[in-house]
Structures are given as structure tokens and as C-alpha cells.
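Right, one structure below, let's go through it.
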Amino acid sequence: MKELSNLMNFRPDIRVVDATLRDGGLVNDFFFTDEFVRELYKTNGKAGVDYMEFGYKADKEMFDVDKFGKWKFCNDDDIYEIVGDKENGVKVAVMADVGRCNFRQDIRPRSDSPIDLVRVACYVHQIPAAVEIIEDAKAKGYEVSCNIMALSNCQESDIRVALDIIGKSPADVIYLVDSFGAFYPESLARVCSVYKEFATKFNKKLGIHAHNNQQLAFANTIEAVGDGVDYLDATYGGMGRGAGNCQMELLLGFLKNPKYREIESFKFIEKYIVPLRESGVVWGYDLQYLMTGLLNQHPRTAIAFTKEKRTDYAEFYKELTLLD
């Protein structure tokens with residue numbers, strides 16, 4: 001039986017990563033108020049969350065700084081204004097997206113930065129470029145993860161090659177990312193077994209980032225817990241691109257380590273997430289995201305469907321499947 005069967009105990013190696021600002025920022029172009037960010041950081045401390053991902057280290061030559069909020073770029077000084085001396089114990093993470101960041105210039109040595117963890121995001125075909133960023137970040141003193149996206153579209157043979165290359169790199173954590181929300185717990189378990197094989201071989205930790213297209217983000221996350229995955233991504237209210245992510249409130253309620261306090265998530269959602277929804281920011285499960293999840297497709301078409309405020313779901317499904 002999996003460790004998951006012992007619901008009265010906990011595994012101390014588990015680390016919860018709050019991705020609300022980063023994945024949630026894809027919904028509102030990262031225009032969060034300073035109050036929202038500051039209270040989120042405080043909430044993570046009170047809730048026992050281990051890491052808070054502030055956003056991207058996006059290349060300012062590629063992205064117009066006037067069209068995005070500051071957490072698209074995560075300047076160190078902006079992070080310092082929120083975290084101060086980091087007395088609440090929450091570690092700071094940022095994402096470096098392969099091909100979309102100027103990592104040599106924008107990621108300073110860790111001794112000069114409030115950042116603890118650099119999460120390198122890539123597709124399987126970008127692994128060599130990811131290793132370059134991983135090696136640079138590690139040389140600068142950071143904890144480093146490699147987040148391999150869109151795994152549901154990858155052949156197992158390609159995944160094995162990618163894991164072997166990343167395993168030989170100085171990355172600390174290798175992430176399984178269900179970008180399209182297409183995995184079921186059973187299929188996820190098979191991918192986890194492959195990941196675990198290489199994690200054991202190269203002494204790496206494993207992580208999961210799940211999307212909720214089929215309302216399985218939480219189920220897949222706790223499946224991964226039972227399969228030995230330690231780093232668990234979640235967002236408050238499930239806020240994130242398209243259908244959103246594993247809900248922090250569900251995850252904290254499931255984990256039995258007394259350091260995690262789900263009541264703090266309820267407080268934050270009540271005061272900040274609900275008003276954000278009421279202001280017109282849209283995310284979360286809906287039929288159009290279910291369809292792209294079922295078909296193992298990128299949710300960009302469903303996101304466009306949502307922005308256009310369409311409700312012709314059957315017609316949209318025909319468009320996705322090219323039915324007459």
C-alpha cells in the first residue's frame with residue numbers, strides 16, 4: 001500500500017509551494033496590489049507554507065513592462081519590499097522560463113538577492129537550454145528545480161532521456177507538470193514511477209504542479225504524495241491560468257503535519273480571493289477547460305472562449321474535434 005493509506009501520519013519531507021502570484025498572475029497580467037502580495041506572504045507564514053513563488057523573471061526586452069504588473073519580472077528590490085528580513089520563514093521562489101528570461105543578467109548571486117529557489121520551466125525539447133539556466137542558478141548559490149511542462153503530450157522514451165539529462169545536472173528538484181490538466185491519478189502514477197526511478201538514481205527530490213481542467217488537480221497531487229513526491233504546488237482558491245490549480249485550502253486540509261494550518265487559507269480567501277473574483281477576474285473549472293483536458297490540448301482555445309464570454313459549449317467541442 002502507498003504511504004497515502006496512512007492518513008493519521010505525515011511525511012516530514014513534504015514542502016508546500018504557493019504559486020498563487022505566479023500562476024494566478026497569468027489571469028490578471030500580474031496586476032496585484034501590494035496589500036494583496038504582502039498579506040499573501042503573511043498568510044503563507046501563518047499557514048506553514050514552505051515556499052512562495054512571486055512570479056517570473058521575465059526578459060524586459062521581450063515583455064513590455066507597461067503591460068504587466070511587477071511580478072512578471074520580480075525585481076529583487078520589489079521582493080525585498082514585501083519580505084523584509086523574511087522573519088516568517090517562508091522561502092522565496094521565482095520562475096525562469098526557458099527562452100523568456102535573461103537569466104545571466106536578471107538573476108543575481110543569491111548572497112545579493114531575497115530569492116531562495118529558482119524554478120526553471122521548460123518543455124522536453126528545451127532540456128539543454130534548461131540545463132544552462134540550472135547550472136547558472138546553482139553556481140550563484142540557489143536551490144533549483146526543473147519544471148518539465150506538458151508531460152501528458154510526451155512519449156515515455158523522451159521523458160526518460162530528459163530525466164537522465166536533468167538528473168546529471170545540479171538541479172535539486174524535478175517537477176512533473178500537468179500543463180493541460182489531462183492526467184488521471186492512474187496515468188499520473190505511471191509517470192511518477194518513471195520520475196522516481198531517476199530521482200533515486202540521481203538523488204533528486206520530486207515535485208508536482210497540477211491543473212484543474214478535469215477537477216483532478218487535488219486528486220492528482222495527493223496521488224503524487226502517495227508516490228513519494230515531496231514538493232507540492234497549490235494556489236489559494238485554485239487561482240491560476242485557465243481552470244486553475246490544486247487548491248491550497250484542500251491541500252493544507254489533507255496534510256496531517258500540524259505545521260500546516262488550513263484556517264489561514266480560509267481567512268485569506270475570504271478577504272482577498274473572493275473580492276478578486278467579484279471584481280471580474282476569471283479562472284477555474286468550466287466546460288471549455290474540461291474539453292481541452294479531455295482532448296489533451298493546450299487551454300489557449302478555452303481561454304479565448306472564456307474571454308469572448310461564449311456559452312456555445314457543444315459548438316466549441318465540435319471546433320476542438322473538427323466535427324462537422
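The values are calculated or read from the model by the stated rules, or taken from the named source; none is laboratory data. From a predicted model like this one, the values you see are computed outputs, not experimental measurements. Heads up, the Cβs are rebuilt from the backbone with ideal geometry, glycines too, and the neighbour counts pull from every protein chain shown. Protein only, heavy atoms only, side chains kept; ligands, DNA and RNA dropped before computing areas. Shrake-Rupley method; radii C 1.70, N 1.55, O 1.52, S 1.80 Å.
Structure above, values below:
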| item | result |
| --- | --- |
| Spacing of the two label points (7 Å from each Cα toward its C-beta) at Leu295 and Ser187, in nm | 1.5 |
| Loop-located chymotrypsin sites (Phe, Trp or Tyr not before Pro) in the range 204-253 whose Cβ has at most 11 other Cβ within 10 Å (DSSP) | none |
| Qualifying lysines (Cα of each under 26 Å from Cα of Lys205; at least 8 residues distant if same chain) | Lys2, Lys46, Lys57, Lys86, Lys91, Lys138, Lys140, Lys168, Lys196, Lys256, Lys259 |
| Computed helical MRE - 222 nm, the chain, DSSP H runs ≥ 4 contributing -39500 (n - 2.57), nearest 500 | -11500 deg cm²/dmol |
| The range 22-91: chymotrypsin sites (Phe, Trp or Tyr not before Pro) in DSSP coil with no more than 16 other Cβ atoms inside 10 Å | Phe31, Phe63 |
| Cα shape, the range 151-192, gyration tensor, a/c 1.5 rule | prolate |
| Segments 263-270, 197-204, 95-102 sorted - mean Cβ within 10 Å per residue, highest first | 95-102, 263-270, 197-204 |
| Nitroxide proxy distance, nm - points 7 Å out along Cα→Cβ at Arg261 and Asn9 | 2.7 |
| Rounded accessible area of Asp77 (nearest 10 Å², 1.4 Å probe) | 100 |
| Ranked order, His211, His125 - accessible area, probe 1.4 Å, largest first | His125, His211 |
| Residue-span extension gain [Glu319 to His125] - 0.36 nm each, minus C-alpha spacing | 67.0 nm |
| In the range 275-315, the chymotrypsin sites (Phe, Trp or Tyr not before Pro) that fall in loop regions by DSSP, at most 13 other Cβ within 10 Å | none |
| Length released on extending from Asn102 to Asp312, taking residue separation times 0.36 nm less the Cα-Cα span | 71.5 nm |
| The chain - accessible surface per residue (Å², probe 1.4 Å) | 44 |
| Reachable aspartates and glutamates from Lys267, criterion Cα separation under 19 angstrom, eight or more residues apart if same chain | Asp18, Asp34, Glu35, Glu39, Asp50, Glu249, Glu278 |
| Ranking by accessible area, most exposed first, for Asp158, Asp136 with a 1.4 Å probe | Asp158, Asp136 |
| Heavy-atom accessible surface of the range 1-138: percent carbon and sulfur, 1.4 Å | 47 |
